[in-house]
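Just below is one structure, and these are the notes that go with it.
The values are calculated or read from the model by the stated rules, or taken from the named source; none is laboratory data. Predicted model only: the values in this text are computed from it and were never measured. For neighbour counting, all protein chains shown are included, and Cβ atoms are generated from backbone atoms with ideal geometry for every residue, glycine included. Heavy atoms of the whole protein, side chains included, go into the accessibility calculation; ligands, DNA and RNA do not. Shrake-Rupley method; radii C 1.70, N 1.55, O 1.52, S 1.80 Å.
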Amino acid sequence: MEMFCYQCEQTAGGKGCVKVGVCGKQPDTANLQDLLIYLLKGIAFYGNIGRKLGIKDEEIDHFIAYSMFSTLTNVNFDNERFVGLIFKADEYKEKLKEIVKREYEKKNGKWDVKEPEAALYRPNGGEKELLEQSKGKGIMADETLDMDIRALREMLIYGLKGMAAYAHHAYILGKKDEEVNAFFHTGLAATLDDSLTVNDLVKLCLECGRANYRCMEILNEGHKEHFGTPQPTEVDLSLNKGPFIVVSGHDLHDLEELLKQTEGKGINIYTHGEMLPAHGYPGLKKYKHLVGNFGSAWQNQQSEFDNLPGGILFTTNCLMPPKDSYKDRLFTTSMVGYSGIQHIEVKNGKKDFTPLINKALELGGFKEDKPDKKIMVGFGHDAVIGIADKVIDLIKQGKIKRFMLIGGCDGAKPGRNYYTEMAQKAPMDTIILTLACGKYRFNKLDFGDIDGIPRLLDVGQCNDSYSAIRIALALADAFKCGVNDLPLSLVLSWYEQKAVAILLTLLHLGIKNIRLGPTLPAFITPNILQVLIDNYNIMPISNAEHDLQEILS
């Protein structure tokens, strides 16, 4: 095998990418990512011991989150950047090792800890040498490893990768949490421990879910503190004449900075993909040149961006290998990268978007207005809980009989029209909650309302699963029952590692009867799947009509 990766839903043959990633990731990139994760495990080995000695280093904690985020599907394809992260990881590892050993010896007299290979490994040479050193460092390094142990280790790593995305966003907003930081070390170090059993690793995966819940909570706090509480807001899907920039990804802080730098320059700003919920935040929608949303979900970008007469900024995933027709107007920032694409770095604590702004002005934008419809966003838990009395009254009257959460990651593989059909066929007395880019399967459809409450409520980005959970908990509290006793059905689509983190959070909270699709993760073995079925009644989706009948029966 030239590579092995099965971290996302689209993995080749539902088994694993071995020659090139379906996402476009080349074998060299995949192997450098494996080597980076290997080094992060080494850092975590010392960090885990250090935490017990009272040793913490927030710079290293954030580096782990940033680096793991870089290895998410459709984030970074740039080998040069990974080479830099690998050597930076080694620098941090050796620094932490020295401090931990010194403090350990003070307390215990001598260093008598057996260090794993990942802790002792030192990278050397250039990209070619690192690729040689990456052999035997990836998922299939030990082909004799018990399949269930491997599955749970990878599930834990992917949960940590997902949490890393939220931790990084929170960090940028000045929010951090010791429970979250510590678990990166605990979780990564656990994947080096051959003494851990299946039961031990299952418990650690659920612990990852707990830590991720806290991580989403602090990110929610950061968003509200910086941008205000999301409000139900109409978003225009029309396109306006003149220069423009399309902003994709998830990072609201980057969007805000771009809005500040483009103010008064005659440039329209459109959100794209997971940035759509930005329009619900008072601190962002106050900018009059944040005019609307462009396009749909990430997997359509190569056609939607084809010869687009404006600038494009990717703040996070999901970036696809760009076509030549728009390479010159595509910019990346933060951990996002693609070889040959212009990248905007932080310099002196600030990002200068001037090259992107100049490109947008040079291209000139749309020649004429293109009218379209409007859709609603901004139904976070504060907005929904604010009308809880009315919702509860409608439930008691029998006008609302069920809630369905239909959302998650969108993707390109066939079968995702299931989610459109499920939303369309839901009875008229059903409130549909949606979030993440899976909403694009049906968010332009008219679902009507129930006594003034829209039947389709857009809760926000994938990290706003926290809001969806808060809504469910509030309903359960109002009716003095458990979440699993509510007339609530979860029909989720997954694609990448943030979805894994969210699933682990739902399992940690004891939420059952989740329908998951369009296919189950390749890294889950039959035995582990059976554990999930036995304990949580997780169900793979079948077809919309059949599943809806079961839900309503």
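Condition check: modelled with pLDDT of 95 or more, out of contact with any Asp or Glu (no Cβ under 7 Å at 6 or more places or on another chain) and under 21 Å from I267 (Cα atoms). Does L319 satisfy that? So that I can check it myself, show each step before the final result.
Details: modelled with pLDDT of 95 or more: yes; out of contact with any Asp or Glu (no Cβ under 7 Å at 6 or more places or on another chain): yes; under 21 Å from I267 (Cα atoms): no.
Taking the combined requirement at face value, the residue does not satisfy it.
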Selection from region 137-152 of residues at pLDDT 95 or above, open to solvent by 30 Å² or more (accessible area, probe 1.4 Å), within 18 Å of T525 (Cα to Cα) and of a type in the set (D, E, K, R) yields D146
Within region 86-98, how many residues turn out to be of a type in the set (A, V, I, L, M) and over 14 Å from A30 (Cα atoms)?
2
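From the set of residues in region 135-175 that are of a type in the set (S, T, Y) and over 22 Å from L503 (Cα atoms), which is farthest from the chain's Cα centre (by Cα)? Even if it seems obvious, please write down each step before you answer.
Here is the first cut: in region 135-175, the ones of a type in the set (S, T, Y) are 144, 158, 166, 171.
Still in the running and over 22 Å from L503 (Cα atoms): 144, 171.
Details: T144: 31, Y171: 15 Å.
Looking at the filtered set, the residue picked out is T144.
Out of all the residues in region 116-136, which are open to solvent by less than 40 Å² (accessible area, probe 1.4 Å) and under 16 Å from A189 (Cβ atoms)? I'd like the intermediate steps shown before the answer.
First pass over region 116-136, keeping only residues open to solvent by less than 40 Å² (accessible area, probe 1.4 Å): 116, 118-119, 121, 123, 126, 130-131, 133-134.
The answer is P116, A118, A119, Y121.
What do you reckon, is L85 not polar (S, T, N, Q) and not in a helix (DSSP H, G or I)? Spell out how you get there, then give the answer.
Values: not polar (S, T, N, Q): yes; not in a helix (DSSP H, G or I): no.
In short, no.
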Do you know which residues across region 315-347 are open to solvent by 50 Å² or more (accessible area, probe 1.4 Å) and either touching a strand residue (DSSP E or B) at 6+ places or on another chain (Cβ under 6 Å) or over 20 Å from L85 (Cα atoms) (or both)?
K323, D324, K327, D328, Q342, H343
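Is it true that N543 is on the phi > 0 side of the Ramachandran plot, of a type outside the set (D, E) and either surrounded by fewer than 16 Cβ atoms within 10 Å (Cβ to Cβ) or at pLDDT 95 or above (or both)?
Numbers: on the phi > 0 side of the Ramachandran plot: no; of a type outside the set (D, E): yes; either surrounded by fewer than 16 Cβ atoms within 10 Å (Cβ to Cβ) or at pLDDT 95 or above (or both): yes.
No, not satisfied.
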Of everything in region 8-54, what is within 30 Å of D410 (Cβ to Cβ), touching a helix residue (DSSP H, G or I) at 6+ places or on another chain (Cβ under 6 Å), assigned to a helix (DSSP H, G or I) and of a type in the set (A, V, I, L, M, F, W, C)? Give them in sequence order.
L32, L36, L40
Among the residues of region 135-143, are any more than 19 Å from S70 (Cβ to Cβ) and part of a helix (DSSP H, G or I)?
no
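May I ask you to list the residues in region 167-195 that are outside any helix (DSSP H, G or I) and either among the basic types (K, R) or without any contact (Cβ under 8 Å) to a residue 40 or more places away in the chain (or both)? Explain how you work it out, then say what you get.
First pass over region 167-195, keeping only residues outside any helix (DSSP H, G or I): 173-177, 191-195.
K175, K176, D193, D194, S195, listed by residue number.
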Cβ-Cβ below 8 Å, separation at least six or inter-chain, first residue in region 531-553 and closer than 11 Å to S489 by Cβ, second surrounded by 18 or more Cβ atoms within 10 Å (Cβ to Cβ) and of a type in the set (G, A, S): which pairs?
L548/A426; I551/S489
Provide a single number: the residues in region 347-394 that are closer than 17 Å to L308 by Cβ, in contact (Cβ under 8 Å) with a residue 60 or more places away in the chain and not basic (K, R).
11
Take the conditions surrounded by fewer than 21 Cβ atoms within 10 Å (Cβ to Cβ) and modelled with pLDDT under 95 and apply them to G364. Does it pass?
no
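Select, from G54, G47, the only residue that is open to solvent by less than 10 Å² (accessible area, probe 1.4 Å) and small (G, A, S). Explain how you work it out, then say what you get.
Values: G54 fails: open to solvent by less than 10 Å² (accessible area, probe 1.4 Å).
Just a single option satisfies the conditions, and that option is G47.
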Looking only at region 98-115, count how many residues are outside any loop (DSSP other than H, G, I, E, B) and either in contact with a Cys (Cβ under 9 Å, 6 or more places away or on another chain) or open to solvent by 30 Å² or more (accessible area, probe 1.4 Å) (or both).
10
